[in-house]
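Report on the following structure.
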């Protein structure tokens, strides 16, 4: 059982940590929540049926912890959008400055919308899967996606960045 | 402070943990430690424990083999909520109790920076036979000293790494298997309903 | 998928967990097992004392408790030997790089 659990940690640590990091933009807190989630998994290992089940379990658990975090603490990202370095010109594929800017823009979204965007673009989940993970109506997920993308496009356009 | 005492002395046995009593004193840190683990198992307690070990579970079978020539196992482990709660002088004091040539330093890692990790594995020999081991682990928020008294073979020490619930992280390669999509989600508070921006 | 979505996928790509993350998780699971081991035998021993055959049951409880202490001690020893070994391996890796 211990070897199985260690393997699950190694296979999923990046995904879990990354979800928390993109959401919270706070490394120590992201690691703390990610560790808590794996500890919960360890306590519930008997109920896990497969590696895919574990992956889904972890995804749901970390999303819920992150959302609880912002509800409880009204947690705000360390650097607000106004302080983000701006891309100078038209976006290039893989432009690191643009990537950083987009990360911060996503982090400035409200909690549920932020998590929807992270699940869509980090985890590559389709809206129906996102709805299942977040226990959210499909229409709400689609609305978050649509409105968030519109907002991002609008902000990038205002900054003179073509995306 | 949460003090967790596991003591053979709970049954009114005053243990002469000479190897460990002289090595490190817990009392001065008890108020600051978030968690304290203390184990005192002398020869009698080890014999008693051995009778209750399973013949089928691999870890317990291995433990029984280890116990065959041991006279005592003593543990002091303190965990703190923040760095810097114990003194480097106590770590140095442990080392000073293990002088050569009686003690050989199998592992002796010392951090160059204050509050860094220190680790050591020391063997006591009488020329040919090992008479004891001391394991020292000093981390920023945790200090642990283990003393095993008795004859233990080097390969048994090696076997201790990666056993008893401590997986060998380096051994297994990652292998992802495709499995049916997950059916159950973890039981937890439901996610809040999404609010529009 | 349009340009913005491609760039979002790039920006939100998974980040590696911090070094040593898995080890820290596993160390926490060991501590969790240790804590769980302390209170259950105390409760079990108390329950056994209520019924007949008190002396025998007390010996059984003592033996079980000694066994749990032993396994806890060996777990801690294994964990710290593993810790010491990993320190050595790390130093060796650093030396090889220089």
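The values are calculated or read from the model by the stated rules, or taken from the named source; none is laboratory data. These numbers come from a predicted model, not from an experiment. Every residue, glycine as well, gets a Cβ built from its backbone with ideal geometry; the counts of neighbours run over all protein chains shown.
Before we move on, is residue B:116 touching a residue at least 24 places away in the same chain (Cβ under 8 Å), assigned to a loop (DSSP other than H, G, I, E, B) and surrounded by 13 or more Cβ atoms within 10 Å (Cβ to Cβ)? Please lay out each step first, then the result.
On the way: touching a residue at least 24 places away in the same chain (Cβ under 8 Å): yes; assigned to a loop (DSSP other than H, G, I, E, B): yes; surrounded by 13 or more Cβ atoms within 10 Å (Cβ to Cβ): yes.
Here the answer is yes, as residue B:116 does meet what is asked.
Would a scan of segment C:45-61 turn up a residue that is modelled with pLDDT of 80 or more and either more than 7 Å from chain B (Cβ to nearest Cβ) or out of contact with any helix residue (DSSP H, G or I) (no Cβ under 7 Å at 6 or more places or on another chain) (or both)? Before you say what the answer is, go through the steps one by one.
To start, the set of residues in segment C:45-61 that are modelled with pLDDT of 80 or more comprises none.
No, segment C:45-61 contains no residue that is modelled with pLDDT of 80 or more and either more than 7 Å from chain B (Cβ to nearest Cβ) or out of contact with any helix residue (DSSP H, G or I) (no Cβ under 7 Å at 6 or more places or on another chain) (or both).
For segment B:119-141, which residues satisfy the criterion of being under 19 Å from residue C:86 (Cα atoms), in contact (Cβ under 8 Å) with a residue 40 or more places away in the chain and part of a strand (DSSP E or B)? Please lay out each step first, then the result.
Of segment B:119-141, the ones under 19 Å from residue C:86 (Cα atoms) are B:119-123, B:133-141.
Filter again for in contact (Cβ under 8 Å) with a residue 40 or more places away in the chain, leaving B:134, B:136, B:138, B:140-141.
Answer for segment B:119-141, where residues must be under 19 Å from residue C:86 (Cα atoms), in contact (Cβ under 8 Å) with a residue 40 or more places away in the chain and part of a strand (DSSP E or B): B:134, B:136, B:138.
Within segment C:19-28, identify whether any single residue is modelled with pLDDT of 75 or more, farther than 25 Å from residue A:37 by Cβ and within 7 Å of another protein chain (Cβ to nearest Cβ), and answer yes or no. If you could, list the steps in order and put the result at the bottom.
Filtering segment C:19-28 down to residues modelled with pLDDT of 75 or more leaves C:19-28.
Those still in the list that are farther than 25 Å from residue A:37 by Cβ too: none.
Checked segment C:19-28: no residue is modelled with pLDDT of 75 or more, farther than 25 Å from residue A:37 by Cβ and within 7 Å of another protein chain (Cβ to nearest Cβ).
To keep it simple, each residue is scored yes or no on (1) within 19 Å of residue C:73 (Cα to Cα); (2) within 18 Å of the chain's Cα centre (by Cα); (3) more than 9 Å from chain C (Cβ to nearest Cβ); (4) at pLDDT 75 or above.
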residue: B:101; (1), (2), (3), (4): no, no, yes, yes
residue: B:114; (1), (2), (3), (4): no, no, yes, no
residue: B:125; (1), (2), (3), (4): no, no, yes, yes
residue: B:133; (1), (2), (3), (4): yes, yes, no, yes
residue: B:143; (1), (2), (3), (4): yes, yes, yes, yes
residue: B:148; (1), (2), (3), (4): yes, yes, no, yes
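Find the residue count for segment C:68-98, including only residues that are more than 7 Å from every other protein chain (Cβ to nearest Cβ) and part of a helix (DSSP H, G or I).
Within segment C:68-98, the first condition is being more than 7 Å from every other protein chain (Cβ to nearest Cβ), and the residues that meet it are C:68, C:86, C:89-90, C:92-98.
Checking the rest, the ones that are also part of a helix (DSSP H, G or I) come to C:68, C:86, C:89-90, C:92-97.
So the count comes out to 10.
Please work out which one of (1) farther than 18 Å from residue A:122 by Cα; (2) more than 7 Å from every other protein chain (Cβ to nearest Cβ); (3) surrounded by fewer than 24 Cβ atoms within 10 Å (Cβ to Cβ) is the condition residue A:37 fails and give its number.
Result: residue A:37 fails condition (3) only.
So residue A:141 clears everything in (1) within 12 Å of chain C (Cβ to nearest Cβ); (2) surrounded by 23 or more Cβ atoms within 10 Å (Cβ to Cβ) except one condition, right? Which one?
Going through (1) within 12 Å of chain C (Cβ to nearest Cβ); (2) surrounded by 23 or more Cβ atoms within 10 Å (Cβ to Cβ) one by one, residue A:141 breaks only (1).
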